[in-house]
Amino acid sequence: MQQAKKTMVRDLTGGNVTKLLLSFAFPLFVSNALQAVYNLVDMVVVGQKLGAPGMSAVSIGGDVLHLLTFVAMGFSSAGQVIIARDVGAGRMDKVKKTIGTMFTFLLVTALIMSVGCYFIRDWMLNVLNTPAESYKFTMDYTVTCIVGLVFIYGYNIISAILRGMGDSRRPFVFVAIAAVMNIILDVWFVYGLNMEVFGVALATVISQAFSFIVALLYLYRSRETFGFDFKPASFKVDRDALKGLVALGVPMAIQSAAISISKIVLMAWINLSGVTYAALSGIYNKVNMMIGIVSNSFTTAGASMVGQNLGAQKYERVPKIMRTVLVCGLIVSTACAVAVFFFSVPIFSMFTPDESVLAVSGILVAPTIINFYGSCTRSVAFSLINGSGNTRLNFAVAIIDGMISRVGIAALLGFGMGMGCQGFWYGDALAGWMPFVIGMCYFLSGRWKRSRKAAN
């Protein structure tokens with residue numbers, strides 16, 4: 001990796017696996033936690049001010065926004081893996097082409113999606129069976145976030161570049177700035193200016209825009225140390241780089257989209273039960289978001305480490321990486337499960353004082369705990385699948401996990417067995433275990449060692 005040493009790259013192919021993983025994952029965890037604060041603070045502020053209708057709006061609008069970011073999530077994750085693999089092999093010329101191609105492709109995609117989604121905004125909310133009591137609030141939140149979609153895509157690009165090179169600290173700094181700004185603006189816009197749900201959405205967009213601009217300025221000022229000069233010619237889409245991004249990014253994007261769509265389907269079914277259960281669904285999603293950030297942090301760190309080690313052909317380190325990811329995830333999941341089991345009411349009441357919502361919140365406890373452990377096992381599977389760049393397996397997981405399992409199990413329990421909304425939440429939680437089953441079969445087969453992408 002002599003060529004890589006001239007850059008700001010961090011070598012993840014040597015040293016103690018546990019120490020490396022934790023030191024890389026911790027800034028990711030804090031960064032993801034702060035990013036989750038965006039939506040959590042939105043829901044808490046709105047829930048305390050407007051009650052169930054406001055919470056329902058943030059919950060539905062947040063799910064719509066997450067669906068619209070599926071391209072950013074998929075292709076930035078693919079870019080991170082490709083960059084990590086090329087860094088591990090010392091191919092810094094390819095890293096430069098990947099960066100330029102990813103910037104141009106994703107930012108253009110964000111602009112197209114923003115314009116397109118604006119024109120179908122009413123159709124989207126109607127398909128979701130948005131309750132009448134929260135329809136206006138939901139529209140305010142959704143439209144505002146659609147306008148700011150380009151900033152979300154931009155931040156994901158820069159984070160993928162840095163993390164692929166082994167830098168998880170600076171993305172944390174950028175999102176920390178945005179999180180603090182978001183909290184201040186939320187309180188000011190909602191309580192000071194009485195801007196209701198539009199205020200929390202506007203605060204989120206402004207914060208994300210500021211984070212993206214600061215991160216972009218950092219990359220520009222450090223252009224000589226990480227090998228991308230920001231000249232117009234460098235943003236030209238390279239055919240080979242785009243081919244690699246598409247090959248890995250499409251399955252990852254489909255995976256993200258499939259999971260989001262399946263959750264949207266469940267949300268539409270839950271919304272039929274009224275605004276109280278729509279608000280309750282928001283609490284379920286946000287509580288599980290917190291364990292999700294742990295899972296995503298270890299997935300990102302694990303995939304980068306697996307990618308670099310496969311690029312360097314250090315196969316013996318991969319099982320150690322996976323084992324460390326699993327143990328760390330189990331420790332965190334157990335702590336969270338105990339907290340929810342014994343203190344569910346205090347935790348859920350942080351989101352709203354609405355007694356009608358809290359009165360039925362007990363049905364969330366069991367599916368939430370099941371989801372906690374499912375999330376920690378997912379990170380093990382995706383560390384290997386994403387890190388090895390297995391596009392076919394990623395696509396299979398996307399379909400099985402995202403649509404067949406989640407929607408199928410939820411429909412069986414909710415409609416077939418008459419469990420209603422609780423059945424939908426159980427279906428969501430149980431589906432989270434499918435990637436682990438598939439990932440372990442892939443690991444035991446040993447095919448990840450013979451991956452064509454890893455060897456190139």
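The values are calculated or read from the model by the stated rules, or taken from the named source; none is laboratory data. Everything quoted here is computed from the prediction, not taken from an experiment. For neighbour counting, all protein chains shown are included, and Cβ atoms are generated from backbone atoms with ideal geometry for every residue, glycine included.
A few points about this structure:
- Odd one out for Asn194, checked against (1) without any contact (Cβ under 8 Å) to a residue 12 or more places away in the chain; (2) under 18 Å from Ala72 (Cα atoms): (2)
- Here Val246, Val287, Val265 are screened, and the one residue that is within 14 Å of Gly74 (Cβ to Cβ), at pLDDT 80 or above and of a type in the set (A, V, I, L, M, F, W, C) is Val246.
- The stretch 12-108 holds helices (runs of 4 or more DSSP H) entirely within its bounds, and those carrying 2 or more residues that are more than 23 Å from Ile264 (Cα to Cα) and modelled with pLDDT under 70 map to 17-50, 70-89.
- Unmet criterion (only one of (1) at pLDDT below 80; (2) more than 30 Å from Ser388 (Cβ to Cβ); (3) part of a helix (DSSP H, G or I)) for Phe230: (3)
- For the stretch 355-373, filtered to residues that are over 28 Å from Val327 (Cα atoms) and among the small types (Gly, Ala, Ser), the residue that is surrounded by the most Cβ atoms within 10 Å (Cβ to Cβ) is Ser361.
- Boolean, Ala398 is farther than 16 Å from Met305 by Cα and at pLDDT 85 or above: no
- The condition of being farther than 22 Å from Asn271 by Cβ, touching a residue at least 24 places away in the same chain (Cβ under 8 Å), of a type in the set (A, V, I, L, M, F, W, C) and touching a Gly at 6+ places or on another chain (Cβ under 8 Å) holds for only one of Cys336, Cys376, that being Cys376.
- Test: residue in the stretch 259-282 that is assigned to a helix (DSSP H, G or I), more than 22 Å from Gly62 (Cα to Cα), touching a residue at least 60 places away in the same chain (Cβ under 8 Å) and more than 12 Å from the chain's Cα centre (by Cα): no
- Of all residues in the stretch 376-400 being of a type in the set (Gly, Ala, Ser) and in a helix (DSSP H, G or I), the one that is surrounded by the fewest Cβ atoms within 10 Å (Cβ to Cβ): Ala396
- Verdict on Thr352 being in a loop (DSSP other than H, G, I, E, B) and crowded, with 23+ Cβ neighbours inside 10 Å: yes
- Odd one out for Gly249 among (1) assigned to a helix (DSSP H, G or I); (2) touching a Ser or Thr at 6+ places or on another chain (Cβ under 7 Å): (2)
- Number of positions in the stretch 81-137 that are of a type in the set (Gly, Ala, Ser), farther than 21 Å from Ser304 by Cα and over 23 Å from the mean Cα position of the chain (by Cα): 2
- When residues of the stretch 425-456 are limited to those that are assigned to a loop (DSSP other than H, G, I, E, B) and either at pLDDT 80 or above or not hydroxyl-bearing (Ser, Thr, Tyr) (or both), the one surrounded by the most Cβ atoms within 10 Å (Cβ to Cβ): Gly432
- From Tyr141, Tyr153, residue being touching a residue at least 40 places away in the same chain (Cβ under 8 Å), out of contact with any Leu (no Cβ under 7 Å at 6 or more places or on another chain) and among the aromatic types (Phe, Trp, Tyr): Tyr141
- Restricting attention to the stretch 416-436, the residues that are in contact (Cβ under 8 Å) with a residue 40 or more places away in the chain and over 18 Å from Ala257 (Cβ atoms) total 11.
- Some residue of the stretch 409-424 being surrounded by fewer than 20 Cβ atoms within 10 Å (Cβ to Cβ), at pLDDT 85 or above, outside any helix (DSSP H, G or I) and among the aliphatic types (A, V, I, L, M): yes
- Criterion (in a helix (DSSP H, G or I), free of Cβ contacts under 8 Å to residues at least 60 places away in the same chain and among the aliphatic types (A, V, I, L, M)) met by exactly one of Val180, Val200, Val187: Val180
- None of Thr300, Thr334, Thr324 is surrounded by fewer than 23 Cβ atoms within 10 Å (Cβ to Cβ) and assigned to a helix (DSSP H, G or I) except Thr334.
- Only one of the numbered conditions (1) over 26 Å from Ser304 (Cβ atoms); (2) assigned to a helix (DSSP H, G or I) is not met by Val173, and that is (1).
- Residue that is over 20 Å from Val44 (Cβ atoms), crowded, with 24+ Cβ neighbours inside 10 Å and either at pLDDT 80 or above or touching a helix residue (DSSP H, G or I) at 6+ places or on another chain (Cβ under 6 Å) (or both), where the choices are Ala201, Ala178, Ala160: Ala160
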